[in-house]
Amino acid sequence: MDPETTMTRGEVARRAGVGGETVRFYEREGLLDEPRRTRSGYRQYDAAALVRLKFIRRAKELGFSLREIRDLLALRLDDEADCTDVQQRAERRLAEVRARIRDLRRMEARLKELTAACDANRRKMECPLLDTLDETRE
């Protein structure tokens, strides 16, 4: 794409794989610079905005929060930063993902147990799943 080419909000959103309101949200959050405007007030996004939007979308797909993405963008622009800074952030995110996977596996196992118990007992008044949810003990 020619760096001088400009796009409307809808076009840059489509090319980046995000919604038009998402573009506006990222502007409000300071993740995306306010674009130039035409004389009639229409926003005009350049190739750099498209690159940044794709960066943000990919980072979101990896589970980074907006605050973390803001930090990653700052590291991208920091001449003093090195890959170790980014690696540490990615390793923290990986640890969070692994913890979430462990939690989901525990939930899956417990739900399997409870649904199997439901299969064995079809009377609503003695539903093992509902009884478990009603329990007050921790």
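A few notes on this one:
- Residue check, residue 99 small (Gly, Ala, Ser) and not assigned by TED's automatic domain parsing to the domain that holds residue 12: yes
- Looking only at segment 28-46, and only at residues there that are of a type outside the set (D, E, K, R) and surrounded by 12 or more Cβ atoms within 10 Å (Cβ to Cβ), the one that is modelled with the lowest pLDDT: 42
- Which listed residue is within 30 Å of residue 7 (Cα to Cα) and within 23 Å of the chain's Cα centre (by Cα), from 97, 51: 51
- Residue within segment 14-28 that is under 18 Å from the mean Cα position of the chain (by Cα) and among the aromatic types (Phe, Trp, Tyr) present: yes
- Annotation note: of 77, 72, 50, the sole residue that is in contact with a strand residue (DSSP E or B) (Cβ under 9 Å, 6 or more places away or on another chain) and hydrophobic (A, V, I, L, M, F, W, C) is 50.
A quick yes/no check of all residues on (1) closer than 30 Å to residue 129 by Cα; (2) at pLDDT below 90:
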{"site": "17", "(1), (2)": "no, no"}
{"site": "22", "(1), (2)": "no, no"}
{"site": "26", "(1), (2)": "no, no"}
{"site": "48", "(1), (2)": "no, no"}
{"site": "53", "(1), (2)": "no, no"}
{"site": "82", "(1), (2)": "no, yes"}
{"site": "94", "(1), (2)": "no, no"}
{"site": "102", "(1), (2)": "yes, no"}
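- Within segment 36-51, the set of residues being in contact (Cβ under 8 Å) with a residue 24 or more places away in the chain and under 14 Å from residue 24 (Cβ atoms) comprises 42, 43, 45, 49.
- Looking across segment 16-53, the residues that are basic (Lys, Arg) and over 24 Å from residue 65 (Cβ atoms) come down to 36, 37, 39, 43.
- Contacts under 7 angstrom Cβ, first residue in segment 93-116 being closer than 25 Å to residue 69 by Cα, partner surrounded by 10 or more Cβ atoms within 10 Å (Cβ to Cβ) and among the aliphatic types (A, V, I, L, M), 6 or more apart: 93/62
The values are calculated or read from the model by the stated rules, or taken from the named source; none is laboratory data. Keep in mind that this is a model prediction, so the values were computed, not measured. Cβ coordinates were reconstructed from backbone atoms using ideal geometry, including for glycine residues, and neighbour counts include every protein chain displayed.
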